[in-house]
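The values are calculated or read from the model by the stated rules, or taken from the named source; none is laboratory data. What you see is a predicted model; the values in this text were computed from it and never measured. Glycine gets a Cβ as well: all are built from the backbone with ideal geometry, and neighbour counts include every protein chain shown. The accessibility values were calculated without ligands, DNA or RNA, using every heavy atom of the protein model including side chains. Shrake-Rupley method; radii C 1.70, N 1.55, O 1.52, S 1.80 Å.
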Amino acid sequence: VTDTNTGNPSFEFAGKTSTPAMDLNGSLLSLNTYEEGGRYYLLDASRSMFKSIGTDTEEPSGVIWTFDGKNNSPSNPNFSANLINGSTNTGWISPTAASAHNNAGLAYQYFLSKNNRLSINGQGGNIVSMINITEEDGSQMDNAFWNGEAMFYGSGDQAFSNLAKGLDVAGHEMSHGVIQSTANLDYEGESGALNESFADIFGRLIDRDDWLIGESVVKLSAFP
């Protein structure tokens with residue numbers, strides 16, 4: 001497909017596809033993915049916020065995309081992440097990647113349908129998830145976090161299993177981004193406590209199975 005205005009290749013409608021994958025809960029999902037040049041990417045360009053891919057999959061606007069942190073920490077200077085991709089339309093998405101990607105989409109859809117909010121920043125900005133994140137020393141991370149730009153998921157260690165498994169965890173972390181782009185509560189003292197409380201509330205509203213937070217990822221040996 002060619003953009004008639006510029007003459008450059010346009011992938012805005014050509015590459016949207018879906019890929020089957022099993023998530024960490026053992027559920028078979030059909031994930032929104034993107035095909036370009038014979039490769040399939042864990043990039044969701046099917047949402048109403050979608051604007052463009054640009055000339056390649058490295059310059060999208062209005063997408064949900066998921067990266068592999070390659071068992072490293074974003075605090076390390078050598079940190080890099082790969083946009084998850086494969087050469088066929090099956091078998092290349094891990095359960096961790098499937099869960100993170102699907103949960104980001106569900107959280108996006110909640111804010112859109114319930115609050116008429118278009119993505120984290122309210123303006124259709126990209127939603128980025130990073131999986132396989134560790135501590136700075138390379139040890140497994142018992143945590144998930146929002147760093148101001150993306151959601152990061154540790155694979156779990158003593159207290160938790162893989163944090164990407166929990167829809168309420170994803171909702172909680174994405175809500176930190178929404179809070180940042182609205183009230184922008186300082187992350188300290190009482191305002192920090194409110195920040196966490198609001199993120200918990202939205203995490204529960206996004207995952208409506210029960211009134212618990214993190215019940216699908218917590219290890220009872222650590223929290224009896």
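For the reader, a short list of remarks on this structure follows.
- A Cβ distance below 7 Å, combined with a sequence gap of six or more or placement on separate chains, defines the contacts here; from segment 189-209, residues that are in contact (Cβ under 8 Å) with a residue 40 or more places away in the chain reach residues that are of a type outside the set (Phe, Trp, Tyr) and open to solvent by 60 Å² or more (accessible area, probe 1.4 Å) in the pairs Ile206/Leu106.
- Looking at segment 116-224, the strands (runs of 3 or more DSSP E) lying wholly inside it that each contain 2 or more residues that are farther than 16 Å from Gly105 by Cα sit at 127-133, 144-146.
- Condition met for Ser87 (in contact (Cβ under 8 Å) with a residue 24 or more places away in the chain and open to solvent by 70 Å² or more (accessible area, probe 1.4 Å)): yes
- Filter result for Ser87 (under 25 Å from Gln180 (Cβ atoms), over 13 Å from the mean Cα position of the chain (by Cα) and among the polar types (S, T, N, Q)): no
- Within segment 45-83, the set of residues being in a loop (DSSP other than H, G, I, E, B) and open to solvent by less than 20 Å² (accessible area, probe 1.4 Å) comprises Ala45, Met49, Ile53, Thr57, Pro60, Gly62, Val63, Ser73.
- Condition met for Ile93 (in contact (Cβ under 8 Å) with a residue 24 or more places away in the chain, part of a loop (DSSP other than H, G, I, E, B), closer than 19 Å to Gln180 by Cβ and out of contact with any Cys (no Cβ under 8 Å at 6 or more places or on another chain)): no
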